[in-house]
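Contents: one structure, followed by commentary.
The values are calculated or read from the model by the stated rules, or taken from the named source; none is laboratory data. None of the values given here were measured: they were computed from a predicted structure. We place every Cβ from the backbone using ideal geometry, glycine too, and count neighbours over all the protein chains shown. Just so you know, the surface numbers come from the protein's heavy atoms only, side chains and all, with ligands and any DNA or RNA stripped out. Shrake-Rupley method; radii C 1.70, N 1.55, O 1.52, S 1.80 Å.
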Amino acid sequence: MTSNTTQVQRPACRRTWVALVAAAMLLPAWAAAAQPLFSDSEIRTILSHGPWPARVPADPSNRVSGKLDAIEFGTRLFFDQRLSGRGTLACANCHVPERNWTDNLRRSAGMAEMHRNTPTLMNLAASRWYGWDGAADSLWSQSLRPILDARELAATPRHVAQLVRNDADLSCRYRKTFGAPPSPADDEAVLVNVGKALAAFQETLSSGPTPFDDFRDALAKGTAPAATSYSEAAQRGLKIFVGKGGCTNCHAGPNFTSGEFFSTGLSRHAPGGKPDPGRPEGIRKLLQSRFNLLGPYNDDATGASAAPVRQLAFAKSLPGEFKVPSLRNLFLTSPYGRDGNVDSIAEVVRHYAQLDPIRLHAKDGLPAKPLNLDANEQSDLVVFLESLSTFTNPWRPEEGGHCD
Ligand code: HEC
Ligand code: HEC
């Protein structure tokens, strides 16, 4: 519209100007705005970030994935402090429902402080790797680690199995879920099934549609909502995100993560002077684990789910690489980075604004020079990132009932 204002000064041009305004009024407001408009390839990328919520298939490695009894059993376990060695700590103490399933602490504290930030549990179903370093390859095996970790629940397989065997309600739910009572002798088998029920519950945690999703769906239908419902600043930020920012290369798809591992320099915490090794150590732990998808507890008879793990032996990884986090509901999950040292979204963006993409181990399609985003571009990017959050937490605790 700015170019037209100069024409207003000149009476000779008034008719053209009026005609232009009239034409503009017939168009939706977003189309009349001079900037930003998206190219076809940008629109294709924007559409690839949806639709949302994404449909997720049941996990073939977990035979109770998606089953109602398992979800109910898993819900109980998640909130049950008796699962911990000392009976004082549940999963929900660190993954707090009202805090979008994180704790909003820099680094989480269970039986001892940990060296990493607590990730949210939203939108984890169907991920390929779990944990900041991807040391687990299924949601159920990832759920066993905190039970056994001395800094978290600090329990043993025996402790967990005895709890489930001896508590009437838990053993009833176990039987309904798995079709047989907990094995009286095999502690590990009971523990693994506890992990599978916990996973069935966590799979149900997904975040709702955001202002971005409304805008994306309107673009998909060929209409776009009025500028008032998705601000021009958010649209400009989106253009940077899918364009010169190169963000979409790693924060890809409907959940804004490729699920793979990179080094960004965002987190530098080095507990005891030793940098967090990240991915290479994660691969080593995963390949050693009895609970990985190559092991005896994978319920997927076809073996297809284990293929990515088998390939890991040949994977290239560098120290300092961490899993790309989802950007959904970011607003609710501060502080940021795997060490939780970054307090605000603006601070993350400032980090990227000066970053040399070569240090990101840039892949094809990423810009080859530092981004050099100016203050306006940075603030647009922040507005866009905020539009990936929803302020409703759809999860409500169920009213208890007895199992019989
Ligand atoms: C003491 C705090 C604490 C407790 C208690 C805790 N967690 Fe976590 N959780 C964390 C931290 C920290 C991480 C990141 C660990 C890492 O990457 O090494 C994490 C990671 C996870 C992840 C991986 C998320 C992702 O993005 O890949 C899942 C799933 C998870 N926890 C589930 C659970 C379950 C289930 C329980 C209870 C059995 C539990 N957690 C108990 C702190 C905790
Ligand atoms: C090369 C892959 C890659 C690119 C490109 C990339 N990111 Fe990231 N991003 C990551 C990884 C990996 C992390 C976690 C880093 C860590 O904590 O050490 C991360 C973390 C973040 C976080 C913190 C999220 C949280 O929950 O802690 C935000 C916000 C973010 N990125 C936004 C962006 C934006 C905006 C861009 C574009 C300017 C971008 N990213 C480009 C890989 C990437």
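Each principal axis of the Cα atoms in the range 146-254 has its own extent, and those three values, largest first, are 62, 29, 19 angstrom. Computed extension gain for Lys221 through Ala185, at 0.36 nm per residue and net of the alpha carbon distance, reaches 7.2 nm. Summed over the residues of the range 102-166 and divided among them, the accessible surface reaches 37 Å² per residue at a probe radius of 1.4 Å. Taking all protein chains as shown and a probe of 1.4 angstrom, Trp129 keeps an accessible surface of around 10 Å². Overall dimensions of the range 190-309, expressed as equivalent-ellipsoid semi-axes from the Cα gyration tensor (√(5λ), whole Å, largest first), are 37, 23, 14. With a threshold of 29 Å on the Cα-Cα distance, the over-threshold entries among Lys244/Lys316; Lys274/Lys316; Lys176/Lys285 are Lys176/Lys285.
For the range 297-331, applying the loop criterion from DSSP together with a ceiling of 11 other beta carbons within 10 Å to the trypsin sites (Lys or Arg not before Pro) yields Lys316.
The slack in the chain from Arg290 to Ser39, taken as 0.36 nm per residue of separation less the alpha-carbon distance, amounts to 85.4 nm.
Measuring nothing but protein heavy atoms, the accessible surface of the range 229-384 at 1.4 Å probe radius is 56 percent carbon and sulfur.
Here each label is just a point 7 Å from Cα along the line to Cβ, and for Ala315 and Asn341 those points are 2.5 nm apart.
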